[in-house]
Every structure is written in structure tokens, then in C-alpha cells.
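What follows is a short report on a single structure.
The values are calculated or read from the model by the stated rules, or taken from the named source; none is laboratory data. Since the model is a prediction, treat every value here as computed from it, not as a measurement. Ideal geometry is used to build each Cβ from the backbone, glycine not excepted, and the neighbour counts take in all protein chains shown.
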Amino acid sequence: MRKPAVIWLTGLSGAGKTTVARKLAELCREKGICPVLLDGDEIRKVTGQGGFDEESRKAHNLRVGQLAALFEQQGHLVIVSMIAPYAGTRQAVREMCRCYVEVFTDTPLEVCIRRDPKGLYRKALSNEISEFTGISAPYEAPDAPELRIDTSVNDAQECAGMIWEYYSGLKK
């Protein structure tokens with residue numbers, strides 16, 4: 001059994017967080033670990049939480065953080081993928097966890113806009129969506145993440161491998 005931990009992938013919409021998280025979960029299963037995978041968008045759908053204003057986002061991030069910390073305390077490896085735009089909220093989640101690994105999916109905004117998997121940047125840039133992270137709402141990039149990955153330079157499998165390498169080096 002590997003060390004329980006929370007691996008928190010943060011970055012802009014379209015940066016590749018969910019894709020990398022899924023690849024990492026596959027890699028973990030290949031290594032005999034069944035991780036808990038928490039995706040911010042999926043949890044939003046399940047809980048029915050609306051609201052993309054600052055307070056709603058912070059509350060959502062803290063709820064996911066509490067859930068991740070609970071799973072970690074029960075001995076699980078937890079992989080979280082969500083924008084999590086506020087540094088203070090990510091710090092609060094870090095403090096909830098025993099072993100928190102922040103992974104900044106530092107893919108350039110231009111690449112995220114070009115990918116636009118959900119059509120959200122197009123809507124944000126044409127003012128159909130307000131309070132869109134990276135366009136009309138802030139994203140506070142991590143100052144000192146444990147890892148920094150860029151999915152415009154490395155594919156999702158390579159990024160997952162980098163995260164696995166880091167995680168494998170953690171002391172139990």
C-alpha cells in the first residue's frame with residue numbers, strides 16, 4: 001500500500017486537468033492502487049451546486065477539499081481535478097490534508113482557448129458568460145506547487161507519469 005495523499009490538479013479550464021487525472025488513475029490501478037478520483041465538474045453535477053461567483057467557488061472547493069481529506073484519512077490516494085482559482089482556498093485545503101501534493105497544470109491560456117472543449121471561452125470572450133476564470137474572473141496561479149506540468153508540451157500520459165514519479169518518491 002502506498003502513502004495516503006491528496007493529489008490536487010489545479011489550472012485553467014481546458015488545461016488538461018481531468019484528462020491527466022484520469023490517466024493518473026489508470027496508472028495507479030496498473031500499479032495496484034485504486035485511487036479515489038474527484039472531479040470538480042462531476043461533483044457540481046451530483047450536488048446540484050450552482051453559482052460561479054467567488055464565494056460559491058470557494059465553498060465548492062472547500063467541500064471537495066473536505067471530502068478529499070476524509071478519504072485520505074481513511075487511507076486512500078485521492079486525485080482531485082478542479083480549477084480551484086483562489087490560492088487561499090487551496091491553502092485551506094492543504095491544511096486539511098496530511099499529505100497534499102499541488103500540481104499546477106500550467107498550460108498557456110492561448111492553448112486553453114484554442115482547445116475550448118466545452119465552448120466556454122468562446123462564450124466568455126463574447127460576454128455570454130460573466131465571471132469566467134482566466135478571462136473575467138481571476139485565477140491565482142500557485143507560487144510553489146509541488147509539481148508544474150504543461151499539457152501543451154507533454155501529453156496526458158507523460159504528465160501522469162511525472163505525477164506518479166513524484167508520488168512514488170513520497171515517504172510512507
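Some observations on this one:
- Per-region count, the range 3-43, residues surrounded by fewer than 17 Cβ atoms within 10 Å (Cβ to Cβ) and of a type outside the set (A, V, I, L, M): 10
- Taking the range 99-139 as the range and being of a type outside the set (Asp, Glu) and under 30 Å from Arg2 (Cβ atoms) as the test, the residues that pass are Cys99, Tyr100, Val101, Val103, Phe104, Thr105, Thr107.
- For beta carbons closer than 8 Å, sequence separation of 6+ or different chains, a first residue in the range 149-167 that is touching a residue at least 24 places away in the same chain (Cβ under 8 Å) and a second that is part of a loop (DSSP other than H, G, I, E, B) and of a type in the set (A, V, I, L, M, F, W, C), the qualifying pairs are Thr151/Ala15.
- Residues satisfying the stated conditions in the range 49-100, i.e. assigned to a loop (DSSP other than H, G, I, E, B), touching a residue at least 12 places away in the same chain (Cβ under 8 Å), over 29 Å from Arg29 (Cβ atoms) and over 16 Å from the mean Cα position of the chain (by Cα): Phe52, Asp53
- The one condition from (1) at pLDDT 95 or above; (2) in contact with a Ser or Thr (Cβ under 7 Å, 6 or more places away or on another chain) that Ser130 does not meet is (1).
- Test: Val103 is in a helix (DSSP H, G or I), of a type outside the set (Phe, Trp, Tyr), within 15 Å of the chain's Cα centre (by Cα) and closer than 20 Å to Ile163 by Cβ: no
- Answer residue from the range 22-51, given it is under 13 Å from Ala84 (Cβ atoms) and hydrophobic (A, V, I, L, M, F, W, C) and is modelled with the lowest pLDDT among those: Ile43
- Residues in the range 129-172 that are surrounded by 14 or more Cβ atoms within 10 Å (Cβ to Cβ) and basic (Lys, Arg): Arg148 only.
- Subset of the range 70-98 [touching a Lys or Arg at 6+ places or on another chain (Cβ under 9 Å), more than 11 Å from Leu9 (Cβ to Cβ) and crowded, with 16+ Cβ neighbours inside 10 Å]: Glu72, Leu77, Pro85, Tyr86, Thr89
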